[in-house]
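Contents: one structure, followed by commentary.
The values are calculated or read from the model by the stated rules, or taken from the named source; none is laboratory data. For clarity, every value in this text was computed on a predicted model and none was experimentally measured. Here the Cβ positions follow ideal geometry from the backbone for every residue, glycine too, while neighbour counts run over all protein chains shown.
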Amino acid sequence: MIVRDATQGDLPRIRDLYNALVGSTTGAWTETPETLQERERWFAGQQHAHFPVLVAEHQGDVVGYAAYGSFRGEGRWPGYRYTVEHSVHVDESMWGRGVGRALVDELVERAIASSIHVMVAAVDGANEASIAFHQRLGFEIVGRMPETGIKFGRWLDLVLMQRILGEDPH
């Protein structure tokens, strides 16, 4: 398996990995699958902001992706400029094989190189596997927001987790 920067050609697969969560899980708090055009706009925004988009490739197939972006408002609040929120999605057939760890480890390295101080994960409170995964990677639970979202006709709790990456804001 290799972890590399995503390219435009990876976007259909990235969209498919994301959409695989939409209909059956609370990994994405939407019930509307994403279009390729929406994923292309997201990717262009990531590139414009100099935020990484990484993919994990196994035997020539993209089996996961990870990215981070601005925390709270796409850069609207400059006091948060050293904090990012990440997402990581792995093909279910590859769960438990180190793909997510490899992606997040590389994402953390990119964040540190960009002077990011804190990385945030926002996880569905019922997703114990994702919470445990993040804890193994050094993220700590810092808050729980009850009934913040809704999907499949039920209220969802949001668990906020963070990992402090460095001390120097410059």
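Residues of the stretch 1-29 that are assigned to a loop (DSSP other than H, G, I, E, B), surrounded by 13 or more Cβ atoms within 10 Å (Cβ to Cβ) and not aromatic (Phe, Trp, Tyr): 1, 6, 25, 26, 27, 28. Take the conditions modelled with pLDDT under 95, out of contact with any Cys (no Cβ under 8 Å at 6 or more places or on another chain) and under 22 Å from residue 123 (Cα atoms) and apply them to residue 71. Does it pass? When the stated conditions are applied, residue 71 passes them.
On the stretch given as the stretch 150-170, residues that are without any contact (Cβ under 8 Å) to a residue 40 or more places away in the chain and closer than 21 Å to residue 101 by Cα total 1. Checked against (1) assigned to a strand (DSSP E or B); (2) touching an Asp or Glu at 6+ places or on another chain (Cβ under 9 Å); (3) within 22 Å of residue 138 (Cβ to Cβ), residue 62 passes all but condition (3). Counting only residues that are over 16 Å from residue 103 (Cα atoms) and in contact with a helix residue (DSSP H, G or I) (Cβ under 9 Å, 6 or more places away or on another chain), the stretch 57-76 holds 5 of them. Only residues that are of a type in the set (Val, Ile, Thr) and touching a residue at least 24 places away in the same chain (Cβ under 8 Å) were counted in the stretch 128-149, giving 1. Of the residues making up the stretch 52-66, at least one is surrounded by 18 or more Cβ atoms within 10 Å (Cβ to Cβ), in contact (Cβ under 8 Å) with a residue 60 or more places away in the chain and in contact with a strand residue (DSSP E or B) (Cβ under 8 Å, 6 or more places away or on another chain). For first residues located in the stretch 1-22 and over 15 Å from residue 52 (Cβ atoms), partners that are surrounded by 19 or more Cβ atoms within 10 Å (Cβ to Cβ) and of a type in the set (Gly, Ala, Ser) and lie 6+ apart or on another chain with Cβ distances below 6 Å form the pairs 1/56; 21/28; 22/28.
Scanning the stretch 103-111 turns up no residue that is crowded, with 17+ Cβ neighbours inside 10 Å, in contact with a helix residue (DSSP H, G or I) (Cβ under 9 Å, 6 or more places away or on another chain) and in contact (Cβ under 8 Å) with a residue 60 or more places away in the chain.
Considering only the stretch 100-121, how many residues are under 13 Å from residue 164 (Cα atoms), among the hydrophobic types (A, V, I, L, M, F, W, C) and within 15 Å of the chain's Cα centre (by Cα)? Break it down into steps so the answer makes sense when it comes.
Let us first name the residues in the stretch 100-121 that are under 13 Å from residue 164 (Cα atoms), namely 108-109, 111-112, 115-121.
If we keep only those that are among the hydrophobic types (A, V, I, L, M, F, W, C) too, we end up with 108, 111-112, 116, 118-121.
Filter again for within 15 Å of the chain's Cα centre (by Cα), leaving 108, 111, 118-121.
Number satisfying all stated conditions: 6.
Is at least one residue of the stretch 101-115 modelled with pLDDT under 95, part of a loop (DSSP other than H, G, I, E, B) and farther than 21 Å from residue 42 by Cβ? The answer is yes; a qualifying residue exists. One residue stands out in the stretch 126-168 among those that are over 16 Å from the mean Cα position of the chain (by Cα) and among the small types (Gly, Ala, Ser): the one that is surrounded by the fewest Cβ atoms within 10 Å (Cβ to Cβ), namely 153.
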